[in-house]
Amino acid sequence: MVSDGGRERGGAGRRLVPIAWDATQAAVRLIDQTLLPTELRYVDVRSFDDMREAIAMLRVRGAPAIGVAGALGIYLGLVERTPGSAFRVLEVLDELCPRMIEVRPTAVNLSWAVNRVRQAVERAARVAIGAQPPEPTDLLAAALREALAIADEDAEACRRIGEYGAQFVPDGGRVLTHCNAGALATAGWGTALAALYVAEEQGKRFRVWADETRPLLQGSRLTAFELAEAGIDVTVICDNMAASLMRAGQVDVVIVGADRVAANGDVCNKIGTYGLACLASMHRIPFFVACPTSTLDLSLRSGHEIPIEQRDPREVTHGFGRQTAPDGAGVHNPAFDVTPSELVTAIVTERGIVRAPYGPVLAAIMDAARAE
Ligand code: MRU
């Protein structure tokens, strides 16, 4: 994670870096995404509670990015509590890990990354036992190493997803995307948007429709922001405009990200994704999902088992400072929905492109990953 004031050089212009470890400040530097697109401000997070707050409030968001944030948050919590023994380090982990995981229950990357840090520390403790008693500082160093490895691996995965996904971006075509599955949502170039960045590097010319993505507008605030920064032609639409654009033949392909993919290939992503998939199917438009294998959760048989985060009703009734529904009106505000795998043309991962039947191929991909 080499950063340059929050942007990284190379590839398609300068990429936004939403999260980076600043060793000199002993802080995690985040872009506060709640302020975009009008203000690009960096905040330094130094405590476990502040990291929980940043994740809960979507200052840092997007499945892979909250994985990295959660992992670094665990390290910050360990440092804060200055455990005096290896045993105490493990006790602190028992307290911190569930508290971090519960903040956002849908994107599996958060629990996956937190558990990776925990297992790395437990491994370091086991290795040291039998020789000399492990030093708590060594265990904390193992936690930080693992968190940074997660970030580096995600950046690499994003690049590969982009390379696989670029073939689905038609030269001269129009791509529709939902929410933000870009650099701002990962430690790399994003997932869905990585395909666009690589296609652009390859010299393709295309236009992007960015679904506004109610209620928190990640599409218009974040996707349109980062694509415009990268010089990619982007047009914002309200969510309810996608259908008529498709009917008018103005959409050639849909590419979205994912927060969790079940063993049968059902895809959980930002609320509204399922509706888009239905529309794409009806209009015979290919519907691609791009995600790293850290987003696969093969412990769940189908999307029915994925926990859906319910968010504050005020995001719907009082979005961005203005009341838009009467007092007393009920509100339904799930952050995500599930798209059944039969509506998905293919899932693009860093380990290749997966098509139906998803079950066996996803299982083989995870077996290969575990074998490394
Ligand atoms: O609530 P958010 O903004 O964290 O939701 C993000 C999404 O739904 C993204 O599409 C998903 O995490 C993929 S990010 C590469």
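The values are calculated or read from the model by the stated rules, or taken from the named source; none is laboratory data. Every value quoted in this text rests on a predicted model; they were computed, and no experiment measured them. Areas reflect the complete protein model, heavy atoms only, side chains present, ligands, DNA and RNA absent. Shrake-Rupley method; radii C 1.70, N 1.55, O 1.52, S 1.80 Å.
The HN-Hα couplings worked out from phi for the stretch 349-358 by the Karplus form 6.51 cos²θ - 1.76 cosθ + 1.60 (θ = phi - 60°) are 10, 6, 9, x, 9, 10, 10, 4, x, 5 Hz, whole numbers, x standing for Gly and Pro.
Rounded to the nearest 10 degrees, the inclination of helix 108-128 to the longest alpha-carbon principal axis of the chain is 20 degrees. Our summary gives the chain a relative contact order of 15 percent, counting only alpha carbon pairs under 8 angstrom and 6 or more residues apart. What is the helix-to-structure angle for 136-165, meaning the angle in degrees between its Cα long axis and the longest Cα principal axis of the chain, kept from 0 to 90 and rounded to the nearest 10? The answer is roughly 20 degrees.
So how much slack lies between Glu91 and Asp171, counting 0.36 nm per residue of separation and subtracting their Cα-Cα distance, in nm?
Length difference between fully extended and current span is 23.3 nm.
Measuring max minus min along each principal axis, the C-alpha atoms of the chain give extents of 70, 49, 41 Å (largest first).
Normalised by 2.2 N^0.38 Å, where N is the number of residues, the C-alpha radius of gyration of the stretch 74-174 stands at 1.42.
Send over the per residue convex hull volume for the stretch 116-248, Cα only, as a whole number of Å³.
Dividing the Cα hull volume of the stretch 116-248 by its residues yields 131 Å³.
Separation of the stretch 143-165 and the stretch 202-251, taken as the distance between their Cα centroids, equals 25 angstrom. Summarising the amide proton neighbourhood of Ala346: residues at separation of 5 or more, or on other chains, whose placed amide H is nearer than 5 Å comprise Phe287, Val289.
Rounded to the nearest 10 degrees, the inclination of helix 192-201 to the longest alpha-carbon principal axis of the chain is 70 degrees.
One quarter of the surface of the convex hull around the alpha-carbon atoms of the stretch 163-371 equals 12.1 nm², the direction-averaged projected area.
Residues Val361, Val17 ordered from highest to lowest accessible area at a 1.4 Å probe: Val361, Val17. Entry note, the stretch 305-365: relative contact order of 25 percent, from Cα contacts under 8 Å with a spacing of 6+ residues. For the stretch 271-360, dividing the convex hull volume of the Cα atoms by the residue count gives 145 Å³ per residue. When restricted to Cα atoms, the stretch 2-159 yields an Rg and a Dmax of 15.8, 56 Å, respectively. Looking at the chain, the accessible area is 41 square angstrom per residue; that uses a 1.4 Å probe and ignores ligands, DNA and RNA. Compute a Gaussian network model of the chain, connecting alpha carbons closer than 10 Å, and tell me which residue from Ala185, Ala194, Ala56 fluctuates the most. Ranking Ala185, Ala194, Ala56 by mean-square fluctuation puts Ala56 first.
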